[in-house]
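A.B. asks: Please see the structure below; I have some questions.
The values are calculated or read from the model by the stated rules, or taken from the named source; none is laboratory data. Since we're looking at a predicted model, the values are computed, not measured. Cβ coordinates were reconstructed from backbone atoms using ideal geometry, including for glycine residues, and neighbour counts include every protein chain displayed. These area figures cover heavy atoms from the full protein model, side chains too; ligands, DNA and RNA do not enter into them. Shrake-Rupley method; radii C 1.70, N 1.55, O 1.52, S 1.80 Å.
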Amino acid sequence: MSEEIVFKVLKESGKPLKSAEIAEIAGIDKKEVDKAIKNLKKGGKIISPKRCYYAPAE
């Protein structure tokens, strides 16, 4: 599932990323990334330290 890929990219990056950067690194469509981010945020797995940037919740 794309949520696992997005989470893995964020964990490995070591810094907050924008959804476009995640899409580029993961090689998946930005729409998929946005959907995954929404679900991950709802589940409390990721946070947004600043507007439009995402990072894993510690």
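A.B. asks: Determine whether the stretch 9-22 contains at least one residue that is within 8 Å of the chain's Cα centre (by Cα) and of a type in the set (Lys, Arg).
C.D. replies: Applying the first criterion (within 8 Å of the chain's Cα centre (by Cα)) to the stretch 9-22 yields 9-10, 17-19, 22.
Add one more test, that the residue is of a type in the set (Lys, Arg), and what stays is 18.
Within the stretch 9-22 (the criterion being within 8 Å of the chain's Cα centre (by Cα) and of a type in the set (Lys, Arg)), the answer is yes, since at least one residue qualifies.
A.B. asks: For the structure I just gave you, tell me whether GLU58 is surrounded by fewer than 17 Cβ atoms within 10 Å (Cβ to Cβ), part of a helix (DSSP H, G or I) and of a type in the set (D, E, K, R). Please lay out each step first, then the result.
C.D. replies: Numbers: surrounded by fewer than 17 Cβ atoms within 10 Å (Cβ to Cβ): yes; part of a helix (DSSP H, G or I): no; of a type in the set (D, E, K, R): yes.
For GLU58, the condition - surrounded by fewer than 17 Cβ atoms within 10 Å (Cβ to Cβ), part of a helix (DSSP H, G or I) and of a type in the set (D, E, K, R) - is not met.
A.B. asks: Scan the stretch 6-26 and report the pairs whose first residue is touching a residue at least 24 places away in the same chain (Cβ under 8 Å) and more than 13 Å from ALA36 (Cα to Cα) and whose second residue is open to solvent by 40 Å² or more (accessible area, probe 1.4 Å) and part of a helix (DSSP H, G or I), with Cβ atoms within less than 9 Å and a gap of 6+ or a chain change.
C.D. replies: From the stretch 6-26, the pairs are LEU17/ILE25.
A.B. asks: Sort out for me the helices (runs of 4 or more DSSP H) sitting completely within the stretch 1-44 that have 3 or more residues that are closer than 14 Å to PRO56 by Cβ and open to solvent by less than 60 Å² (accessible area, probe 1.4 Å).
C.D. replies: On the way: elements: 2-13, 19-26, 30-42.
Counting at least 3 such residues, we get 2-13, 30-42.
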